[in-house]
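Only one structure is covered here, and it is reproduced in the block below.
Rule-based calculations on the coordinates, nothing more; no lab input. A quick note: this is a predicted structure, and the numbers were derived from the prediction, not measured. Note that we place each Cβ from the backbone using ideal geometry, even for glycine, and neighbour counts take in every protein chain shown.
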Amino acid sequence: MTKANPYAVAQQQFEKAADFCSLPSTVRQILSQPKNELIVNFPVKMDSGDYKLFKGYRVQHNNLRGPYKGGIRYHHEVTLDEIKALAAWMTFKCALHDIPFGGAKGGIKFNPRDYSPTELERITRRFTHALGNNIGPEHDIPAPDVGTNGQTMVWMMDTYMAFAGAVSEHTSRGVVTGKTLAAGGSHGREAATGQGIVHCITEWARDRRFELNGATFMVQGFGNVGSHAAKILARTGASMVAVGDWKGYVANPDGINPFKLAEYVARTGSVVDYPGTHAIAREAFFATEVDIFIPAALELEIGVAEAKALKAKVIVEGANGPTDPSAEPIILEKGIALIPDILANSGGVAVSYYEWLQNKRSEVWDLEEVEEKLAKRMKRTYLAVSEFATSRKCDWRTAAMCISIGRIAKAYGERGIFP
């Protein structure tokens with residue numbers, strides 16, 4: 001499928017919400033472009049002894065409500081416009097949850113699967129050094145995204161500490177979130193995005209008196225977000241009947257065990273050929289009849305053809321921007337509920353905020369405290385979006401965006417533009 005430009009999609013979503021809630025023209029102009037767009041080209045020594053040049057990005061969209069915040073993506077299809085879109089979505093996601101962060105995103109254009117662990121470490125450290133003082137615990141705080149993980153963040157943190165000359169090691173740990181526990185990460189962070197998705201699903205089910213025990217679901221993308229969402233959702237008694245990733249799609253109408261599948265993917269790198277499943281085409285995957293669909297792969301995977309094929313009761317966006325705007329009216333006309341990305345997948349940034357606070361205060365919170373805070377925040381925001389959509393008679397994406405940009409507009413209204 002030919003995908004639209006992700007930044008054009010982000011702009012389209014923003015403009016629709018801005019029109020709906022009569023956003024002041026000044027704020028509309030400011031939010032239409034990121035504050036800073038940084039492109040760095042840096043050489044890295046490969047295991048062979050040869051050098052290779054890499055292109056990295058960091059886009060800082062807005063920091064009115066707090067430090068820039070957003071993931072680092074390692075993927076061969078990374079583009080500046082993709083990173084700009086993701087940075088904008090981060091701004092709106094943080095504002096929606098009333099988290100005191102702005103939005104940013106970064107990435108390097110390469111396929112991490114083609115490189116050794118030692119090469120990945122050198123690429124990460126060189127990228128961090130190239131970013132220099134463009135990141136910092138009070139300025140811009142990266143996190144994991146597609147192709148990166150807790151280890152990547154630890155390398156970034158360690159490199160930053162080495163050149164920043166930080167006075168307090170504990171405070172400078174907050175330069176990144178999503179770190180491993182041993183290096184200052186937070187309990188519950190790794191599963192947080194998946195956990196947030198399931199909070200949205202349970203609230204949706206409760207509102208509609210829908211029984212999750214015995215319900216069916218499918219997941220596109222079985223990385224950190226998709227696998228954790230599947231494992232947590234399976235505990236409700238729901239059954240995963242189809243799953244896909246970068247390599248292919250598999251199904252089993254009797255159910256696929258997400259815990260065992262996660263172990264299989266850790267060994268093999270893909271869901272393909274998982275015992276007890278049969279391979280299905282991408283088209284057949286989208287046409288699978290399920291109650292819940294969690295797109296947790298890359299952006300713009302649901303186009304018009306996919307929307308027409310879908311047979312689900314609810315779509316819960318685990319990925320950022322997985323739905324093309326042209327597909328959205330088809331989904332809504334079919335009566336499929338759609339819980340948008342800036343609400344559904346925001347558990348990650350919520351717990352990133354808690355990790356940052358723990359680093360800032362030199363504290364360690366136990367898992368129960370983190371999960372309790374996350375549940376409270378997700379449910380409160382879900383209710384706010386639900387009430388806005390009902391009272392203003394609009395779709396949930398517009399409702400979430402309006403709450404978000406309304407908070408940013410209020411801050412600009414009170415602070416003004418200096419000088």
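At a glance:
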{"read-out": "Region 299-376 shape via C-alpha gyration tensor axes, a/c threshold 1.5", "value": "prolate"}
{"read-out": "Count of Lys pairs (Cα-Cα under 17 Å; at least 8 positions apart or interchain) in region 192-344", "value": "4"}
{"read-out": "Sites K311 and E369 - FRET efficiency at Förster radius 30 Å, r taken between beta-carbons, to 0.05", "value": "0.15"}
{"read-out": "Order by protection proxy (mean Cβ within 10 Å, highest first), peptides 179-190, 341-352", "value": "341-352, 179-190"}
{"read-out": "Length gained when the stretch A182-F259 is fully extended (0.36 nm per residue, less Cα-Cα span)", "value": "25.3 nm"}
{"read-out": "Cβ charges +1 (Lys, Arg) and -1 (Asp, Glu), total dipole of the chain, debye", "value": "720 debye"}
{"read-out": "Whole-Hz couplings from phi, Karplus 6.51/-1.76/1.60, listed for region 184-192; x for Gly and Pro", "value": "x, x, 10, 4, x, 6, 4, 8, 4"}
{"read-out": "Prolate/oblate/rounded call for region 368-419, Cα gyration tensor, a/c under 1.5 rounded", "value": "oblate"}
{"read-out": "At R0 = 35 Å, FRET efficiency that the Cβ-Cβ distance of S362 and H76 yields, to 0.05", "value": "0.35"}
{"read-out": "Loop trypsin sites (Lys or Arg not before Pro), region 345-419, which have at most 14 other Cβ atoms in a 10 Å radius of their Cβ (DSSP)", "value": "K393"}
{"read-out": "Centre separation in Å (Cα based) which lies between region 287-322 and region 52-94", "value": "23 Å"}
{"read-out": "For region 392-399, Karplus couplings with θ = phi - 60° (6.51, -1.76, 1.60), whole Hz, Gly/Pro x", "value": "9, 6, 9, 6, 5, 5, 4, 4"}
{"read-out": "Dipole-positive endmost among G276, A375, L120 within the chain (Cβ charges, Cα centre)", "value": "A375"}
{"read-out": "Burial ranking of peptide ranges 262-274, 115-127, 196-208, 95-107 (average Cβ count within 10 Å, highest at the top)", "value": "95-107, 196-208, 115-127, 262-274"}
{"read-out": "At R0 = 30 Å, FRET efficiency that the Cβ-Cβ distance of S32 and N133 yields, to 0.05", "value": "0.65"}
{"read-out": "Relative contact order for region 162-293, counting Cα pairs under 8 Å that sit 6 or more residues apart, in percent", "value": "20 percent"}
{"read-out": "Computed P(r) (all Cα pairs; region 192-344; 10 Å bins; percent)", "value": "12, 47, 35, 5, 0"}
{"read-out": "Residue-count net charge about N5 - beta-carbon cut-off 13 Å; Lys, Arg +1, Asp, Glu -1", "value": "-3"}
{"read-out": "Charge dipole magnitude, Cβ of K and R +1, D and E -1 - region 192-344, Cα centre, debye nearest 20", "value": "400 debye"}
{"read-out": "Helix-only mean residue ellipticity at 222 nm for the chain, each DSSP H run of n ≥ 4 adding -39500 (n - 2.57), per residue, nearest 500", "value": "-14500 deg cm²/dmol"}
{"read-out": "14 Å Cα cut-off, lysine pairs counted over region 69-181 (separation 8 or more, or different chains)", "value": "5"}
{"read-out": "Lys, Arg +1 and Asp, Glu -1 on Cβ, resulting dipole of region 270-419 about Cα centre, debye, nearest 20", "value": "740 debye"}
{"read-out": "Two-decimal Rg to Rh for the chain - Kirkwood Rh, Cα set", "value": "0.95"}
{"read-out": "Region 170-253 shape via C-alpha gyration tensor axes, a/c threshold 1.5", "value": "oblate"}
